[in-house]
Protein chains: 2
Amino acid sequence: MPKSTFFRLPEERRARLVHEAIAEFADRTYAEASLSQIARRANIPKGSVYQYFEDKLDLYRWLLTEEAPRLKRAFVGMPSPEGDFWTRFDDFVERGMAFLVEHPRLARLSAAAADPTANPEVRGLHKAICEAGLQELRAVLEVGAERGALHAPDLDVATRLVATIIGPGLTDVVLQELGAELHEVLASDSLRKRLGPKRRRALAHQAVDFIRKGLGSGKPERRKET
Amino acid sequence: MPKSTFFRLPEERRARLVHEAIAEFADRTYAEASLSQIARRANIPKGSVYQYFEDKLDLYRWLLTEEAPRLKRAFVGMPSPEGDFWTRFDDFVERGMAFLVEHPRLARLSAAAADPTANPEVRGLHKAICEAGLQELRAVLEVGAERGALHAPDLDVATRLVATIIGPGLTDVVLQELGAELHEVLASDSLRKRLGPKRRRALAHQAVDFIRKGLGSGKPERRKET
DNA sequence: TCGGCATGCGACCGATCAGTCATATGACCG
DNA sequence: CGGTCATATGACTGATCGGTCGCATGCCGA
């Protein structure tokens, strides 16, 4: 938790610090990210940063558990319970992709919870965030299961598999589509514009279709041609 | 590429170094991993390590592109082209899981290619490895598509989605099943034994079934009960 | 026995980091 | 004015890192 001083900060200064911190933690690992660097870039002396936060982890935790979710909620909003399950799910995924493209730094920060790290405290934090995300997704899928739109032998397993698809999986697909690395997308505003809403929609739909129907055809397999 | 001295090393010394290096790079990020630590643990002076490798990256590259694939091939072997596509694919996935459980450090090292990092050289290395893995998987899926066992609107997209399922996705499921963190599994020999071949098989099959049939039932959705 | 060469080795270097601390500043109060 | 208190600030600490360097060691051929 930030110190009380942080909340009494002039808006401009606080915004600058948070902005640079997000930038730093978005394109470096927690271990690689440097508090000195953040302070330098935000033009705030390092000593001052320690007036606002207990330590590096405190700042990171604040971004991960408060700033990012707040900004994400503001962008994504809440899912409406109308329409049939798969249509709603499609919307859900597409809005996630929109967030990824419109706010790559925030998306990356949220996804950082999947990053490996040797620091046990950071691991704990990441785990908690992952778990929360899975819970949320599980709740969504549960509705589908109750309505009979979705069938899984083990909903926990299914939730995890679906999570990797609409998370790292779709991110990977988007990057391929853009022909760029995550790093380049984070750095370039123009690059992300290359993925218009139309194509975005198509990719989301393709992923959802995969989740829904799989790749098997149900038809009998053609024998190996002679 | 290691220096020639490395290849002239007494077997025991080389093995010790490689072993400790794998251990270090398996449970820390490249950035977090410490060459000093590796040298210390292998009981080899740091100066000597620099007689064998150009630098930290050189050692890492060697492990990632030579040691890990060699040991993995030795364990997994090559897929046999007999049987129908989905049966073979099931085997393929199950052997991957066996590797994960029997040699978690090597599996983790191979998976490290998906780790984010700020170092451009490491990113390049990781990208190359990912790309190679995707090519391999794509070739497998192509066979399925040709035989009509598999249908995807875009095979590249499908390959990437499948890759995240049988990679990070299944790893995540296995960890949940073991009720442990990746770190604990890497450290404890006894822990991994808890996932017997039977349950392993069941999980692999469940994942493949998901890939094959998806979660949708095809049945019409039951309307929200009043 | 000697000389040269590959290798072993660990002290050392410069850089960077997270985090601390003593001092400076300046707003507000009496 | 004087005093107090929150805050600003950057020099400093101690640790670790990747990488280098120069000396020590020991093998091999003459």
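The values are calculated or read from the model by the stated rules, or taken from the named source; none is laboratory data. Values in this document were obtained by computation on a predicted structure and should not be read as measured data. Because the Cβ atoms are built from the backbone with ideal geometry, glycine has one as well, and the counts that use them run over all protein chains shown.
A few points about this structure:
- Of the set (1) at negative phi; (2) within 16 Å of DNA strand C (Cβ to nearest atom); (3) in contact with a helix residue (DSSP H, G or I) (Cβ under 8 Å, 6 or more places away or on another chain), all apply to B:LEU100 but (2).
- Of all residue pairs spaced 6 or more apart or on separate chains, those with beta-carbon atoms under 9 Å, a first member in the stretch A:147-161 that is among the hydroxyl-bearing types (Ser, Thr, Tyr) and a second member that is crowded, with 21+ Cβ neighbours inside 10 Å are A:THR159/A:LEU141.
- Scope the stretch B:1-53; condition within 14 Å of chain A (Cβ to nearest Cβ) and more than 13 Å from DNA strand D (Cβ to nearest atom); matching residues: B:ALA23, B:ALA26, B:ASP27
- Selection status of A:ALA74, in a helix (DSSP H, G or I), within 30 Å of A:VAL208 (Cβ to Cβ) and in contact (Cβ under 8 Å) with a residue 40 or more places away in the chain: no
- Residue-level check: of (1) at pLDDT below 95; (2) in contact with a Gly (Cβ under 8 Å, 6 or more places away or on another chain), A:ARG73 misses just (2).
- Any hit, the stretch B:89-101, residues being at pLDDT below 95, assigned by TED's automatic domain parsing to the domain that holds B:GLU121 and assigned to a loop (DSSP other than H, G, I, E, B): no
- Against the numbered list (1) closer than 17 Å to A:GLU94 by Cβ; (2) away from chain B (no Cβ under 12 Å); (3) part of a helix (DSSP H, G or I), A:LEU191 comes up short only at (1).
- Taking residues in the stretch A:45-57 that are outside the structural domain of A:HIS126 (by TED's automatic domain parsing), and partners anywhere that are near DNA strand D (Cβ under 7 Å from one of its atoms), the pairs with Cβ atoms closer than 6 Å and at least 6 places apart or on different chains are A:GLN51/A:THR5; A:TYR52/A:THR5.
- For the residues A:PRO104, A:PRO79, A:PRO116, the requirement of being of a type outside the set (D, E, K, R) and modelled with pLDDT under 95 singles out A:PRO79.
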